[in-house]
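The values are calculated or read from the model by the stated rules, or taken from the named source; none is laboratory data. Note that the structure is a prediction, hence the values are computed from the model and not measured. Cβ sites come from the backbone with ideal geometry, for glycine too, and all protein chains shown count toward neighbours. For accessibility, only protein heavy atoms count, side chains too; no ligands or nucleic acids. Shrake-Rupley method; radii C 1.70, N 1.55, O 1.52, S 1.80 Å.
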Amino acid sequence: VDVNSCDALNCTPLIITAQHGHATCAAFLLRHGADPAATDVNGDAALHWAAYKGHVELVSLLAYETPQAVSTADSYGQTPLHLAAMRGHLNAVEFLVRLLHAPLGVEDKSGETAADLARRRGKLNCELFLRTAASRAAPWAVARALGFKRALSSKVLFLILVGKNDREVFRWPFRVVVLSLAIGVVFTAHFIAHPGMADLTLLHACNVLLQAVAWTSLLMTRCCDPGRVDKGDPRHSTAEYEEALEEISRAQKEEDVPLVCHTCRVRRPLRSKHCKVTNQCVLAFDHFCPFVGNVVAHHTYKWFVAFCFAMAAAFLFQIPTCVLYMRRIEASWSIVLWVLYCLAWLIADMGLISYHCQLMIHNLTTNEHMNMARYAYMRDQYGLLNNPFDRGFFHNVMERLFPPSQLFYSREEVLQARGPTRRAAGGSYTGLQQHDEESAA
C-alpha cells in the first residue's frame with residue numbers, strides 16, 4: 001500500500017489525518033514513510049492543516065519531523081501561523097510563536113501578516129497576542145499597531161483586563177478565593193476586637209487556626225511544582241520519544257500504543273497528562289483548578305485536599321460566630337450577607353470534598369474517572385474496566401495523598417510491582433468503576 005497515495009484534491013492519508021486531528025495515526029504513517037512535505041491542490045501540507053484546525057499536538061509532531069515546514073508558505077503565501085491566526089486558534093498560535101519560533105512578519109500574497117489576517121477575521125485574541133509578541137510587549141507599540149482609538153475600545157480593554165487566553169482568564173477565580181479568605185480575616189478580626197465577643201476565646205482561636213491552615217494550604221497548592229514530567233530524566237529523553245514513535249509504528253492493537261505527548265515530545269508515564277492551560281505534562285494529573293491557580297497533581301493533590309477541608313471548616317465556623325454576634329451585638333446586612341456567602345461556599349465545598357473522598361478511596365484521579373474508558377491501562381485482559389492502582393482503602397488514600405516516586409509506563413508494570421488488584425483477587429467493582437462501565441456499555 002502506498003502511504004503517499006492521493007485523492008482527487010491531492011490529499012495524502014497524512015494530510016487527511018491532520019485534518020481530523022489523529023496524532024497517533026499521523027505518527028504511525030510518518031514512521032511508515034508518509035511524506036510530511038506533500039501538499040494538496042492549494043499547496044497546504046499536513047502541518048498547514050494541523051494549524052488551520054488548531055491541533056497543537058499534531059503541529060508539534062509534524063514540526064518535529066519537518067522543522068522547515070513551520071515557515072513554508074502555501075499557494076496563497078500563507079504559513080501555518082497565518083492559518084492558525086485566521087481561524088482564531090490561540091493555543092496553536094502561541095505554540096507556533098513561543099516554541100517553534102514561527103516568523104511573525106511574513107506577508108501572504110495579499111500583503112497581510114498573520115496579525116492582519118486575525119484582525120480581518122475578527123479574531124481579536126489572536127491579533128492582540130501577535131501584536132504584543134511583535135512589539136515585545138511594549139504597551140505603546142501594541143497600541144500603535146492596533147490603532148489608539150481601537151486600543152481603547154471595549155473589546156480590547158475587556159481582553160486586556162479579563163484575559164485573552166485560558167491561563168489569564170483562570171486567574172480571576174483564584175482572586176475570588178483570595179478575596180473571600182481576606183474578608184473572612186477582616187470579620188474574624190472585628191469579632192475578636194469587639195468587647196461583647198471577648199468571652200468566646202476558644203471560638204476565636206478555632207477561626208484563626210482554620211483560616212491560617214486555609215491560607216497555608218492555598219499558597220502551597222498555588223506555588224508548589226505540581227510534578228512536571230522532567231525532560232532531563234533519561235526516561236523522558238528524545239531517544240525515548242523516538243523509541244516510543246517506533247513502538248507506535250509496530251503496534252498491532254490499542255494496548256500496544258505507548259502513552260506519548262507529542263506536544264512535549266516525551267513518553268508519558270501512566271496517570272500523567274498534558275495540561276492545556278499550563279502547556280506541560282504533569283505526573284498523576286487530576287485537574288487544573290482555577291480556584292487555586294495551579295494544576296492539582298502529583299505534588300499538589302494533598303495540599304488541594306487540605307485546602308478544601310480547611311476552607312469548608314473555616315466557613316463553617318464563621319456561621320455560628322456571625323449568629324452569636326447578631327444575637328449579642330447587632331444584626332447588620334453585611335453580617336447577614338456574609339453568612340449567606342459562607343453557606344454557599346460551604347455547600348459547594350462539601351460537594352467537592354465528597355467527590356474527592358470517593359476518588360481517594362478508589363485511588364483514582366479526576367481525569368481517570370472522567371475518561372476511564374479512553375485509557376487502555378484501565379481495562380483488564382477481558383476489556384472490562386479495572387483500576388490497576390486499587391489496593392484497598394488505606395493504601396489507596398495514602399497513595400493519593402503521598403504518591404510514590406516510582407513511575408509506571410504500562411499496566412503490566414503496575415501488576416508486576418504490586419500484585420493482583422482487589423477485583424482480580426476476588427473483590428468487587430468500586431462504585432465509580434461500576435457506574436462508568438455501565439455508562440460505557
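Kindly evaluate His362 against the criterion of being closer than 16 Å to Tyr301 by Cβ, touching a Ser or Thr at 6+ places or on another chain (Cβ under 8 Å) and in contact (Cβ under 8 Å) with a residue 12 or more places away in the chain. Quick ask: steps written out before the conclusion?
Details: closer than 16 Å to Tyr301 by Cβ: yes; touching a Ser or Thr at 6+ places or on another chain (Cβ under 8 Å): yes; in contact (Cβ under 8 Å) with a residue 12 or more places away in the chain: yes.
Considered against the rule, which asks whether it is closer than 16 Å to Tyr301 by Cβ, touching a Ser or Thr at 6+ places or on another chain (Cβ under 8 Å) and in contact (Cβ under 8 Å) with a residue 12 or more places away in the chain, His362 comes out as yes.
Pull up segment 224-238, narrow it to residues that are free of Cβ contacts under 8 Å to residues at least 60 places away in the same chain and in a helix (DSSP H, G or I), then point me to the one that is least open to solvent (accessible area, probe 1.4 Å). Please lay out each step first, then the result.
Within segment 224-238, the first condition is being free of Cβ contacts under 8 Å to residues at least 60 places away in the same chain, and the residues that meet it are 228-234, 236-238.
Applying the additional criterion that residues be in a helix (DSSP H, G or I) yields 234, 236, 238.
Values: Pro234: 99, His236: 7, Thr238: 87 Å².
So, considering only residues that are free of Cβ contacts under 8 Å to residues at least 60 places away in the same chain and in a helix (DSSP H, G or I), the one least open to solvent (accessible area, probe 1.4 Å) is His236.
If you scan segment 381-410, which residues turn out to be open to solvent by less than 30 Å² (accessible area, probe 1.4 Å) and more than 20 Å from Ala297 (Cα to Cα)?
Hits for segment 381-410 are Leu385, Asn386, Gly392.
Got a sec? Which of Thr39, Thr79 is over 16 Å from Tyr241 (Cα atoms) and open to solvent by 10 Å² or more (accessible area, probe 1.4 Å)?
Thr39
If you check Val156, Val208, which single one turns out to be in a helix (DSSP H, G or I) and open to solvent by less than 30 Å² (accessible area, probe 1.4 Å)? Before you say what the answer is, go through the steps one by one.
Values: Val208 fails: open to solvent by less than 30 Å² (accessible area, probe 1.4 Å).
It is Val156.
So which residues in segment 1-36 are small (Gly, Ala, Ser) and exposed (fewer than 15 other Cβ atoms within 10 Å of the Cβ)?
Ser5, Ala8, Gly33
Given (1) open to solvent by less than 70 Å² (accessible area, probe 1.4 Å); (2) assigned to a loop (DSSP other than H, G, I, E, B); (3) not hydrophobic (A, V, I, L, M, F, W, C), identify the lone condition not met by Glu242.
(2)
Among the residues of segment 181-205, write down those that are of a type in the set (S, T, N, Q) and surrounded by fewer than 18 Cβ atoms within 10 Å (Cβ to Cβ).
Thr201
Restricting to segment 42-68, what's the tally of residues that are in a helix (DSSP H, G or I) and open to solvent by 10 Å² or more (accessible area, probe 1.4 Å)?
9
Working carefully through the options Pro290, Pro320, Pro269, find the one that is out of contact with any Cys (no Cβ under 6 Å at 6 or more places or on another chain), closer than 22 Å to Trp172 by Cβ and not acidic (Asp, Glu).
Within the list Pro290, Pro320, Pro269, the selection yields Pro290.
Conditions tested, residue by residue: (1) hydrophobic (A, V, I, L, M, F, W, C); (2) more than 30 Å from Glu65 (Cα to Cα).
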| position | (1), (2) |
| --- | --- |
| Val260 | yes, no |
| Arg271 | no, no |
| Asn279 | no, no |
| Val296 | yes, yes |
| Lys302 | no, yes |
| Phe307 | yes, yes |
| Leu316 | yes, yes |
| Arg328 | no, yes |
| Leu340 | yes, yes |
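Do we have Val97 as aliphatic (A, V, I, L, M), part of a loop (DSSP other than H, G, I, E, B) and either farther than 30 Å from Arg268 by Cβ or open to solvent by 10 Å² or more (accessible area, probe 1.4 Å) (or both) here?
Spelling it out, it is not the case that Val97 is aliphatic (A, V, I, L, M), part of a loop (DSSP other than H, G, I, E, B) and either farther than 30 Å from Arg268 by Cβ or open to solvent by 10 Å² or more (accessible area, probe 1.4 Å) (or both).
In segment 236-251, which residue that is at pLDDT below 90 and of a type in the set (Ser, Thr, Tyr) is farthest from Leu62 (Cα to Cα)?
Ser237
What about Leu219, is it surrounded by 18 or more Cβ atoms within 10 Å (Cβ to Cβ), at pLDDT 95 or above and among the hydrophobic types (A, V, I, L, M, F, W, C)?
It is false that Leu219 is surrounded by 18 or more Cβ atoms within 10 Å (Cβ to Cβ), at pLDDT 95 or above and among the hydrophobic types (A, V, I, L, M, F, W, C).
Residue check, Arg250 against (1) in contact with a helix residue (DSSP H, G or I) (Cβ under 7 Å, 6 or more places away or on another chain); (2) surrounded by fewer than 17 Cβ atoms within 10 Å (Cβ to Cβ), all met but one. Which one?
Unmet for Arg250, out of (1) in contact with a helix residue (DSSP H, G or I) (Cβ under 7 Å, 6 or more places away or on another chain); (2) surrounded by fewer than 17 Cβ atoms within 10 Å (Cβ to Cβ): (1).
Going by what's in this entry, would Tyr355 be described as under 30 Å from Arg400 (Cβ atoms), open to solvent by 30 Å² or more (accessible area, probe 1.4 Å) and touching a helix residue (DSSP H, G or I) at 6+ places or on another chain (Cβ under 9 Å)?
Yes; evaluated as a whole, the condition is true for this residue.
Looking at segment 362-372, can you tell me whether even one residue there is hydrophobic (A, V, I, L, M, F, W, C), assigned to a helix (DSSP H, G or I), more than 15 Å from Ala306 (Cα to Cα) and out of contact with any Leu (no Cβ under 9 Å at 6 or more places or on another chain)?
Scanning segment 362-372 turns up at least one residue that is hydrophobic (A, V, I, L, M, F, W, C), assigned to a helix (DSSP H, G or I), more than 15 Å from Ala306 (Cα to Cα) and out of contact with any Leu (no Cβ under 9 Å at 6 or more places or on another chain).
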